[in-house]
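Nothing in this text is a laboratory measurement; each read-out follows from the coordinates by a stated rule. From a predicted model like this one, the values you see are computed outputs, not experimental measurements. Reconstructed Cβ throughout: ideal geometry from the backbone, glycine too, with neighbour counts over all protein chains shown.
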Amino acid sequence: MEQAIKIKPDIYYVGSLDRTRKHFDSFYPVKKGTSYNSYLIIGKEKTALIDTIDPSKKDDLLSKLESLGIKKIDYIISNHSEQDHSGSIPFVLEKYPMAKIVTNSKGKDFLSDLLGIKENLFIVVENRKTLDLGGRTLTFLSFPWAHWPETMMTYLNEEKMLFSCDMFGSHYASDDLFYDHDELYEYVEQYYAEIMMPFRNVISKNFDILKGFDIEMILPSHGPIHKNPKKIISLYEKYLSDNVENEVTIIYLSMHGSTEVAVEFLSQKLKENNIKVNLVDVSGMNISGLLRAIISPLTVILATPTVMGNPHPAMQLVSIILKEYRPKLKNMAFLAMYEWGTRAIEMMGATCSYLGKTNLGSLKIKGYPKNTDFAKLENLAYSVINNHKEYFKR
Ligand code: FEO
């Protein structure tokens, strides 16, 4: 039998680790697995389950509840309707048919639609409403777009614990519930980039909600619990702010070496001028590292071979990703290698216009780079360098 883990008296972890998952959302590589976190809070009168878990792991959740001898659940709090948190609600209801699902009105619509949950099983709560469990009070905080429009968080007043669902999470399966090694924060950052970055504008507007609460512990729905919430809150403040770094991310791939030579030259010139350079090779459509590298650079450069007149398919995927994830960078620049014709610059430039970024320059190089091409590459590098100098002088 799976054993629940005690966090505080009558507050338990009843979630599940998933070390076999390779991708999340059938897209993001998950190198360290993930966890689906669910928490049980037992008050003097009522018992509440905060979110459930991915249905593939439902038996872990049910077994952990059994390990505690739980005979009755009064409330299933659904902070977020996505199935990695809601998918086991029907199985919990099967075992605890008296439970009511507590969520907001959008959450109710989504859960009805996604899981076919009946109308009479819901208790709909508004923003800032509270629910008394007997000596323990839950406050519901609407937090739209962290990660879906219905998303909310739950604050346990007496214990100052914030159940934040997706926000502050990480795809990191750890036996230590409170794992806090530096390495974890690479995965926290990656998770922010994958899940929260597209909604940065709206999340940053709502982020001050948290300032009204004394938070001693953050319990997300993926990855370890944060016993020292100041650290992750300040990281999120940095990610969500409009501030950018004196960094250039060059996203590139090379089929026969000529793009790589040009990228290395550009990179060297930028580094000589004290700009941090992140090189992201997207060969084979490998997006590992790409999203983290676009969180906060001032400038992104796309460098691609031409394939059938267009940017390489992997670079076309990059353009789609940039449009969807809307990073806060200010500038872009472009490099296209070709032999007999290319529309690559125009296509990548359209991405820049769509995003409303400043285009610092474009360069087409025919064949393997020659001396005249290196002179043009140096000009492109200085267009970026001068912009960075000016920007950070402010
Ligand atoms: Fe972990 Fe948006 O679900």
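Just for the range 294-394, what percent of DSSP beta bridges are antiparallel, to the closest 5?
On the way: 2 of 16 bridges.
DSSP beta bridges in the range 294-394 are roughly 10 percent antiparallel.
Just to confirm the number: angle between the C-alpha axis of helix 105-115 and the first principal axis of the chain, 0 to 90 degrees, nearest 10?
Relative to the chain, helix 105-115 is tipped by roughly 90 degrees.
Give me the distance in nm between label points sitting 7 Å out from Cα along the Cα-to-Cβ direction at residue 44 and residue 372, one decimal.
8.7
Pop a pseudo-label 7 angstrom from the Cα along the beta-carbon direction at both residue 209 and residue 98 and give the gap in nm to one decimal.
Result: 3.2 nm between the two label points.
Residues with beta-carbon under 12 Å from that of residue 63, excluding residue 63: net charge, scoring Lys, Arg +1 and Asp, Glu -1? Walk me through the numbers on the way to the answer.
Details: positive: 57, 58, 64, 95; negative: 2, 59, 60, 66.
Overall, the nearby charge balance is 0.
Which loop GluC sites (Glu not before Pro) in the range 112-170, with loop taken from DSSP, have no more than 12 other Cβ atoms within 10 angstrom of their Cβ? Don't jump to the answer; show the numbers that get you there.
Numbers: sites: 119, 126, 150, 158, 159; in loops: 126, 150, 158, 159.
Answer by residue number: 126, 158.
Per 0.36 nm of contour for each residue apart, how much would the distance between residue 186 and residue 109 grow if the chain were fully extended, relative to their Cα-Cα spacing?
On the way: separation 77, 0.36 × 77 = 27.72 nm, distance 3.50 nm.
Net length gain for the segment: 24.2 nm.
Report for the chain the percent antiparallel among DSSP-assigned beta bridges with both residues inside it, nearest 5.
Working: 29 of 68 bridges.
Counting DSSP beta bridges with both partners in the chain, the antiparallel share is about 45 percent.
Classify the range 283-394: rounded, prolate or oblate, from the alpha-carbon gyration tensor (a ≥ b ≥ c, eigenvalue square roots; a/c under 1.5 rounded; otherwise prolate if a/b is larger than b/c)?
Working: a/c = 1.88, a/b = 1.12, b/c = 1.68.
Here the range 283-394 falls in the oblate category.
At 0.36 nm per residue, minus the direct Cα-Cα distance, what do residue 137 and residue 176 gain on full extension? Give it in nm, one decimal, please.
Working: separation 39, 0.36 × 39 = 14.04 nm, distance 2.72 nm.
Residue separation times 0.36 nm, minus the Cα-Cα distance, leaves 11.3 nm.
Across the chain, where is the longest run that never hits chymotrypsin sites (Phe, Trp or Tyr not before Pro) in a DSSP loop with at most 12 other C-beta atoms within 10 Å? Each step should come with its number before you reach the end.
Details: sites that count: 27, 178, 340.
With chymotrypsin sites (Phe, Trp or Tyr not before Pro) excluded where exposed in loops, the chain gives 179-339 as its longest stretch.
Label 7 Å along Cα→Cβ of residue 389; the range 241-282 residues with amide nitrogen under 12 Å?
273-274
Could you work out the local net charge near residue 238, counting Lys and Arg as +1, Asp and Glu as -1, over the other residues with Cβ closer than 12 Å to its Cβ?
Working: positive: 200, 231, 328; negative: 189, 237, 242, 245.
Net local charge, residue 238 excluded: -1.
Under a point-charge model restricted to the Cβ atoms of Lys and Arg (+1) and Asp and Glu (-1), what is the dipole moment magnitude of the range 269-394 relative to its Cα centre, in debye to the nearest 20? Walk me through the numbers on the way to the answer.
Details: 17 positive and 8 negative charges, 93 e Å.
My answer is approximately 440 debye.
What's the local net charge at residue 328, with K and R +1, D and E -1, over the other residues with C-beta under 9 Å away?
Net charge in that neighbourhood comes out at +2.
Pairs 160/328; 64/118; 6/106; 32/330; 44/72: which exceed 21 Å Cα-Cα? Walk me through the numbers on the way to the answer.
On the way: 160/328 33 Å; 64/118 26 Å; 6/106 32 Å; 32/330 32 Å; 44/72 13 Å.
As for pairs spanning more than 21 Å Cα to Cα, those are 160/328; 64/118; 6/106; 32/330.
Can you tell which of 139, 173, 96 lies farthest toward the positive end of the dipole of the chain, using +1 and -1 charges on the Cβ of basic and acidic side chains (Lys, Arg; Asp, Glu)?
The listed residue farthest towards the positive side: 139.
For residue 242 and residue 148, what does the FRET efficiency come to when R0 = 30 Å and r is the distance between their Cβ atoms, rounded to the nearest 0.05?
Numbers: r = 24 Å, r/R0 = 0.80.
It comes to 0.80.
If r is the Cβ-Cβ distance from residue 326 to residue 271 and R0 is 30 Å, what FRET efficiency results, to the nearest 0.05?
On the way: r = 27 Å, r/R0 = 0.91.
Here the calculated transfer efficiency is 0.65.
Out of the trypsin sites (Lys or Arg not before Pro) in the range 155-212, which ones are loop residues according to DSSP with at most 14 other C-beta atoms within 10 Å?
Details: sites: 160, 200, 205, 211; in loops: 160.
Passing both the DSSP loop test and the Cβ count: 160.
Can you give the % of DSSP beta bridges in the range 5-240 that are antiparallel, to the nearest 5?
Working: 27 of 40 bridges.
Restricted to the range 5-240, the bridges split so that about 70 percent are antiparallel.
Please give the length that would be gained between residue 20 and residue 340 if that part of the chain were fully extended, namely 0.36 nm times their separation in residues minus their C-alpha to C-alpha distance (nm, one decimal).
Details: separation 320, 0.36 × 320 = 115.20 nm, distance 4.60 nm.
This chain segment gains 110.6 nm when fully extended.
Estimate the FRET efficiency between residue 285 and residue 235 by the formula 1/(1 + (r/R0)^6), using the beta-carbon distance for r and 22 Å for R0, to the nearest 0.05. Walk me through the numbers before you get to the answer.
Numbers: r = 29 Å, r/R0 = 1.31.
So the FRET efficiency works out to roughly 0.15.
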